Amino acid sequence: MGGELFVRQNAAEQKFLEACQRGRPGSAWMITGPAGIGKGDLAVRIATYLLTGTEGDADSLDVAPDSPIHARIAAGSEPGLRTVRVDGADGSAKRSRQILVDDIREMQEHFRLASIGGKPRIAIIDSADDLNRNAANALLKDLEEPPDNAFYFLTSSNPLRLPPTIRSRCRILPCRSHSPAQITAELESRPDISPDRRDALGVLADGSIGMALHLHANDGIAIYEQLLAMLAAFRQPESLLLQLVDRCQAEPTPETFEIMEFLARILISRLAHLAASNTLHHAVVPGEGDALKPFVRSSAAAAAWSELHADLIAALETARRAQLGVFEKVFLIGERITGTARTLVQ
């Protein structure tokens, strides 16, 4: 869920540079933070900086735009860098939803080659969340005894789910979510996105520039409007739920349901925030505040929506394990939201 836009992670960059300036950069780093905020881009920036040696400014990860290393990395031909991800380092079609042990072994073979001109060997595991058990065990051996002049950068959105043996051998480089204003400003470089849609995407993206682009590409604002309409029809939402089912099943991309699920959680979060603070910053669509107000007037509203957010995540995980279809999962989401609304509106 990436994109061509990139918002810098200044605090994380500074932390890595300070480690370099102290002469103790460490051989393994885990770059953490929510999905879509640029963790993989940061890993590439660090790798570019390390591979250029004295070309990089000691106070910045910036490398001269005309440096040939940019073209080599973009083409996947930089000998000092190996990227391991689900779809393969060469950008080939997705083979598996996991990083496999053979992927790690190929990387290890690459590291056995002598470095060129004393330059480091760098591996980016993007994302370590995709490692299967055998791949994680194979990687652990390298993290325990890393080759000389080698660096490992692992990205993770869920570091606590990774084996503690891997986490304990990595320095943590945390990345932050971006503000709606940062995302909106970055989207100004996209002439295909109108100003009002930029503002809406900045709010809905939940701090992720990657998610903002993903929502734009998959008509996320229209899906959010459908969820608002479903909430407004909370007493008899069935026909609107069927429209959501049709949308999720008819769209050519299987990601439509995932976007709907994500936006349903955003809607619940916004209801909880409005109930707790009586303030709704940056309406996604005109009239959103008025549409939400009937469901936040009860003194129990903030707690009810907050509890629903946690309960829905658990219920959807159970639904996934049970391999329920789109119809059942859409109705699960809709019935939980409209059911909560009915308890709050007497």
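The values are calculated or read from the model by the stated rules, or taken from the named source; none is laboratory data. What you see is a predicted model; the values in this text were computed from it and never measured. Here the Cβ positions follow ideal geometry from the backbone for every residue, glycine too, while neighbour counts run over all protein chains shown. For accessibility, only protein heavy atoms count, side chains too; no ligands or nucleic acids. Shrake-Rupley method; radii C 1.70, N 1.55, O 1.52, S 1.80 Å.
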Point to revise | Folded to 0 to 90 degrees: helix 133-144 orientation relative to the chain principal axis, Cα | key: 40
Check your understanding: For Ser239 and His110, what is the calculated FRET efficiency with R₀ set at 51 Å and r taken between the beta-carbons, to the nearest 0.05?
Key -> 0.35
Check your understanding: What shape does the stretch 167-267 take by its C-alpha gyration tensor, where a ≥ b ≥ c are the square roots of the eigenvalues and a/c under 1.5 counts as rounded, a/b above b/c as prolate, and the rest as oblate?
Key -> prolate
Check your understanding: What is the sum of charges around Gly33, taking Lys and Arg as +1, Asp and Glu as -1, for the other residues whose C-beta is under 14 Å from the C-beta of Gly33?
Key -> -1
Check your understanding: Tell me, what are the semi-axes, in whole angstrom and largest first, of the equivalent ellipsoid of the chain as set by the roots of 5 times the Cα gyration tensor eigenvalues?
Key -> 42, 22, 18
Exercise for review: Using only alpha carbon positions, build the gyration tensor of the stretch 241-302, then give the equivalent ellipsoid semi-axes as the square roots of 5 times its eigenvalues, largest first, whole angstrom.
Suggested key: 27, 11, 11
Exercise for review: At 25 °C and 0.890 mPa s, grab the translational diffusion coefficient of the stretch 175-332 from Stokes-Einstein with a Kirkwood Rh over Cα pairs, rounded to a whole number in µm² per second.
Suggested key: 150
Exercise for review: List the residues whose amide H sits under 5 Å from the amide H of Trp29, counting only those 5 or more places along or on another chain, with H placed 1.01 Å from N in the peptide plane.
Suggested key: Tyr152, Phe153, Leu154, Arg171
Study note, to complete from the structure: Rounded to the nearest 10, the angle in degrees between the Cα long axis of helix 195-204 and the longest principal axis of the Cα atoms of the chain comes to 80
Practice item. Please report, to two decimal places, log10 I(q)/I(0) for the stretch 105-247 at q = 0.10 Å⁻¹ as given by the Debye formula with identical point scatterers on the Cα atoms and no solvent. Key: -0.60
Practice item. Can you pull the one-decimal nm distance between simple spin-label points at Cys20 and Val285, each 7 Å off the Cα toward Cβ? Key: 4.6
Exercise for review: Assuming R0 = 56 Å, can you tell me the calculated FRET efficiency for the pair Ala222 and Lys141, based on Cβ-Cβ distance, to the nearest 0.05?
Suggested key: 0.70
Check your understanding: If you place +1 on the Cβ of every Lys and Arg and -1 on the Cβ of every Asp and Glu, how big does the dipole about the Cα centre of the chain come out, in debye to the nearest 20?
Key -> 940
Practice item. Lys and Arg at +1, Asp and Glu at -1: add these up for the other residues within a Cβ distance under 15 Å of Asn149 and post the number. Key: +2
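Run the accessible area of the chain with a 1.4 Å probe and give the carbon-and-sulfur part as a rounded percent.
Ligands and nucleic acids excluded, carbon and sulfur give 49 percent.
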Practice item. Average the reciprocal distances over every distinct pair of alpha-carbons in the stretch 199-243, invert the result, and give the Kirkwood radius in Å. Key: 11.3
Point to revise | Proportion of all alpha-carbon pairs of the stretch 159-205 beyond 16 Å (%) | key: 53
